[in-house]
Each structure stands twice: as structure tokens, then as C-alpha cells.
Amino acid sequence: MTESTRNADVLIIGGGLSGTMLAVQLLRLPGARRILVIEPRAELGRGEAYSAVELGHTLNGNAARMSVDPDNADDLTQWLTDYIDAGGWPESAQQSVPISELFPPRGIFGLYAQQRLAEAKARSASSVEHVRGEVVDLQLDGASTLLTLDNGQSLRGALAVLATGMFPAARTAQTEPNGLNAAAVDPWDVAAMTRIDPHAPVLIIGSGLTMVDAVVSLEQAGHRGPIEVFFAARPAAPCAPATAGLGGFSRRRPPPAQPPAIAARSAPAMPQCASAGHRLASAVGHRACAHWPVVEPGQRA
Ligand SMILES: Cc1cc2nc3c(=O)[nH]c(=O)nc-3n(C[C@H](O)[C@H](O)[C@H](O)COP(=O)(O)OP(=O)(O)OC[C@H]3O[C@@H](n4cnc5c(N)ncnc54)[C@H](O)[C@@H]3O)c2cc1C
């Protein structure tokens, strides 16, 4: 052990949503523990998903399904009610549904997770500290775990938890025409999309939730041309039942509404996407959805 090695009871590797919520649960336990969360991002609780800055980049579940509190399925709805009452997310007033049925922007969800962490810290005898850095080595050493960070720092913990999530999406935007006679851009980069001719055809390869984000980003960037969506098999996001998908953090509640009810409220013009759910319907609308019914199996990429 070097002189600079810091000790903790629990080391949490990765401070995205899972690592942060684990810290909240540990803070709620009786006793006093020292918890270090190692995360290269500037803020805990966000990760790739909840670092989104576009209001149109929303959760795939409504507030009633996305509580981070296993003891309170209404936790996000209650937090969101207070947040909106305090003047946050004024655009939500344009949607005439109860707060529990709103699909919050992912960036606002990240704020919710951060506030729940701050509240748990304030009430606990335990401590949580964000150690900025990336873990590059892990050694099991007797009864403890030794971590090495990219800045050379060493951390030793009685327990270590891997909460590193999925690998981040490749962000190497291709801005020059390539063999496909196209320029590839980051699906979440609205600034990059403003450089696309607003009337040029855009091809999106993949029909999952990132496709929805990409269509929202194109709309925000002023694009009004045709959008083609290629998918490998059936289109996953639009035609999956509203009860499927990534799911919420609380499994106690049933889905808030049956697919036809959602479709009738938000997408009367596209019955072929009746099971798409509110988020896809409001985000994609007629621009991309119109393509799905006409793509024959032989045309699918
Ligand atoms: C664009 C996008 C949208 C999504 N939308 C939704 C949604 O609407 N609803 C839903 O339920 N799920 C959604 N997801 C899935 C989402 O990733 C999970 O819900 C949740 O964020 C996973 O939490 P996690 O903590 O496991 O991973 P993450 O939140 O990704 O956190 C992992 C963290 O580990 C850190 N890390 C990685 N390697 C190291 C290392 N070596 N050392 C230190 N830190 C490290 C990363 O920096 C990251 O912050 C979405 C995912 C993406 C990418």
C-alpha cells in the first residue's frame, strides 16, 4: 500500500444511476460508513442516459413507472410535482395529462437522482464522496479490494461494487462523405445536425430509442426533409407493447394506461403505431412512423 492510498468501507466504481442509487441505499442503513464513488464525469447520477440536455430526449417510462425509491412508487411523481410547482420544466404545461403520466426529460431525471442523493447524505451518519477518475485496475487483496485510478491514485475498500453500466456509444462523428455517400453524425448532437441541409434525406440505421432521440434532435435542428429508418427485424421501439421495453425502477405499479388509450390521446393520426406509446408518438409523429408499414421484409437492412 502506498502512502497516498485512501481507505473506505465501500468503493462504488461508476457513479451513474445504479452507483448513485446504491449509495443512497447505503446512506439509509444504520451505522456510519465511508463510501467513495469513483466516476470520471463531473456529476454523479447522470451517466450517459441522464446527461441529456435536450428536453425532447425523454425517459421511456412515465413518472409513475420511474421512481428510484423501492419503498415509494410515487417518489418521482411527488418530486416532479414539487419541481414543476417551483417553476421547473414549464413546457410540461403543454401536455394535458396528470404529472404521473408525463415522460420527463432525461436531464431532469438526472437532477431528481442527484437531489435524492443530496437528501440522503444530509440525513445520514455515513458519508459519500465523489472521487473524480476512471478505475484502470482492480486487485483482490485478502479481505479488501485495491483500485488504481487513471491519475495514479490508489483506493482500498472492504467492499467494491462494479456499477460501470454499458459501454458508452461511439461518439466519433463522421462528417465527411464516405462510401455510402453520407455523413454520419452523433444522434444526440443537435449542433452537428444543424449542419445538415434541412431538406436533405436522412437515413437512421436502427429503430430503437436512440432513433427517437435522433428524430427529436433533427426536429430541434430545423430539419424538415424525409427521414428513412432501417431496422434489422421488426421495429423494436414503435411496435413493442407499451408494457415492454427497459422497464421502470419500481415494479409495483402496472402500466398507467393500455396502448390504445395512449395512442388515442397522443397519436390519432397514426393508428398503425397504436402500441408505440406516448413518447414515440409525440417525438416521431408522422415523419418516421409513416415508413414502417410500407417497409417489406426484403427491404429491411
Ligand atoms: C441514451 C440512453 C437513453 C436511455 N434511456 C433510458 C430510459 O429512458 N429509461 C431507462 O430505464 N433506461 C434508459 N437507458 C438505460 C440506462 O443506461 C439505464 O437506465 C441506467 O442509466 C443504467 O445505470 P448504470 O448506473 O448501470 O449505468 P450508467 O448510468 O451508464 O453509469 C455507469 C457509469 O460508470 C462510469 N464508469 C464506466 N467505467 C468506469 C470506470 N472504469 N471507472 C469509473 N467509472 C466508470 C461511467 O462514466 C458512467 O457514469 C438509457 C441509456 C442510454 C444510453
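Points worth noting:
- Taking the stretch 2-27 and a reference point 7 angstrom along Cα→Cβ of Asp141, the backbone N atoms nearer than 17 Å belong to 2-13.
- Calculated P(r) of the stretch 32-95 - Cα pairs past 15 Å, %: 67 percent
- Chain lengthening between Ala42 and Glu228 when straightened (0.36 nm per residue, less Cα-Cα): 63.4 nm
- Amide hydrogen neighbours beyond the local backbone of Leu44, cut-off 5 Å, H modeled: none
- Annotation: amide H of Thr58 within the under-5 Å range of Arg106, sequence separation 5 or more or interchain, hydrogens built in the peptide plane.
- Segment Gln95-Asn72, length gained on full extension (0.36 nm per residue, minus Cα span): 5.8 nm
- Between Arg6 and Ser154, Leu155, Arg156, the built amide H atoms are under 5 Å apart, and every one of these is 5 or more places off in sequence or on another chain.
No value in this document is a laboratory result; all are computed from the given coordinates. Since the structure is predicted, the reported quantities are computational estimates derived from the model, not experimental observations. Positions of Cβ are generated from backbone atoms using ideal geometry, with glycine treated the same way; all protein chains shown enter the neighbour counts.
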